[in-house]
1. Looking only at the stretch 280-296, decide whether some residue is surrounded by 15 or more Cβ atoms within 10 Å (Cβ to Cβ) and in a strand (DSSP E or B).
2. Going by the conditions given, is residue 245 buried (at least 16 other Cβ atoms within 10 Å of the Cβ) and either more than 16 Å from ligand 2 (Cβ to nearest atom) or assigned by TED's automatic domain parsing to the domain that holds residue 169 (or both)?
3. For the stretch 141-156, state whether one or more residues are buried (at least 24 other Cβ atoms within 10 Å of the Cβ), away from ligand 1 (no atom under 16 Å from the Cβ) and either under 27 Å from residue 262 (Cβ atoms) or modelled with pLDDT of 85 or more (or both).
4. Could you check the stretch 150-190 and list, in sequence order, the residues that are more than 19 Å from the chain's Cα centre (by Cα) and either under 21 Å from residue 302 (Cα atoms) or not assigned by TED's automatic domain parsing to the domain that holds residue 256 (or both)?
5. Look through the stretch 131-140, keep the residues that are more than 16 Å from the chain's Cα centre (by Cα) and more than 6 Å from ligand 1 (Cβ to nearest atom), and return whichever of them is farthest from residue 278 (Cα to Cα).
6. State whether the residues of the stretch 311-325 include one that is at pLDDT 95 or above, within 16 Å of ligand 2 (Cβ to nearest atom) and buried (at least 18 other Cβ atoms within 10 Å of the Cβ).
7. I'm checking my understanding of the structure. Among residues of the stretch 71-116 that are touching a residue at least 40 places away in the same chain (Cβ under 8 Å) and part of a helix (DSSP H, G or I), which one is nearest to residue 49 (Cα to Cα)?
Ligand SMILES: Nc1ncnc2c1ncn2[C@@H]1O[C@H](COP(=O)(O)OP(=O)(O)OP(=O)(O)O)[C@@H](O)[C@H]1O
Ligand SMILES: [Mg+2]
């Protein structure tokens, strides 16, 4: 399937943020669709003037092919920003007159202006409201089950849309390993460490190791743990949110300004708590670090102190309590991820969290 078929056939998820391409010239359209794919966006395509007029005001960016520009200018659409006339041949003088008549900002000649056009298209995607529900999970005490629960959330969320677990803990077991993706090829943090430009949502989504809808972004297992690079971390989180319905971040417990920043970009923070005196005391300290109005919730694992007491001491509501998951180690050893059945304790707890937070957030269609 060529780029064009792939892009045209893709689900139009972000109708409000789709740029408008106006052209009946197939080869120009192919070129533009290729650039859109590089920018991680799916355009709305109008192949005649009336279709163009219908979509004219709602698109955040309009690229008008030189073939339809004169006819569109004659139809005198309302003046608006971010209109460009594009063509693949050297620009003849008459095109500038048409561009002026259309109120276009400028004329883009392909392939010379390709890089610039991809940037403009990526800007459109970036200005889109992030649509992925982003949940950060941090252990209230060491070994309380944060990494396991983060991966369980990603695995379950993937049953209803693309999901990714972002591993921000270089000293953990690796989200890819926990999800059984460690042998799957794909991009790891090491490859993103030198990122200096915009990461497209689509490029990230398509390059991560993934199975059954859930992907992981972590480090190579045999590499020395390295610190997260701030720019790469910000870009990856932003691109992950734009490209996935659910993003789960496995946050390390050790204090780190970059981790605090990543946490502040999450819609919700979950703290995993073992309901013993020691577990709750440690969770209280951890929760204090991430406190923000309404954004903190507790996942209690095992029995001990009751929910009310845990919530009172830690200072955050209990979202869910779950019993120990039997057969977890075996499931992980087999590379099946933490959730084998939706009816298991982990599966039910993850489903509760997704139901509570998924409904609470304003989602973009
Ligand atoms: N829901 C659960 N039921 C049973 N065992 C669990 C559960 N969650 C985690 N475990 C087990 O507890 C151990 C620690 O789990 P995990 O690595 O997820 O904790 P963590 O909070 O991320 O630890 P760390 O502090 O090292 O980051 C693992 O052996 C894991 O298999
Ligand atoms: Mg962990």
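The values are calculated or read from the model by the stated rules, or taken from the named source; none is laboratory data. For clarity, every value in this text was computed on a predicted model and none was experimentally measured. Heads up, the Cβs are rebuilt from the backbone with ideal geometry, glycines too, and the neighbour counts pull from every protein chain shown.
1. yes
2. Working: buried (at least 16 other Cβ atoms within 10 Å of the Cβ): yes; either more than 16 Å from ligand 2 (Cβ to nearest atom) or assigned by TED's automatic domain parsing to the domain that holds residue 169 (or both): yes.
In short, yes.
3. Among the residues of the stretch 141-156, not one is buried (at least 24 other Cβ atoms within 10 Å of the Cβ), away from ligand 1 (no atom under 16 Å from the Cβ) and either under 27 Å from residue 262 (Cβ atoms) or modelled with pLDDT of 85 or more (or both), which makes the answer no.
4. 178
5. Initial filter on the stretch 131-140 (more than 16 Å from the chain's Cα centre (by Cα)): 137-140.
So of that shortlist, the ones also more than 6 Å from ligand 1 (Cβ to nearest atom) come out as 137-138, 140.
Working: 137: 19, 138: 16, 140: 10 Å.
Residue satisfying both the conditions and the ranking: 137.
6. Checked against the condition, which is being at pLDDT 95 or above, within 16 Å of ligand 2 (Cβ to nearest atom) and buried (at least 18 other Cβ atoms within 10 Å of the Cβ), the stretch 311-325 yields at least one hit.
7. Per the criteria, the residue is 72.
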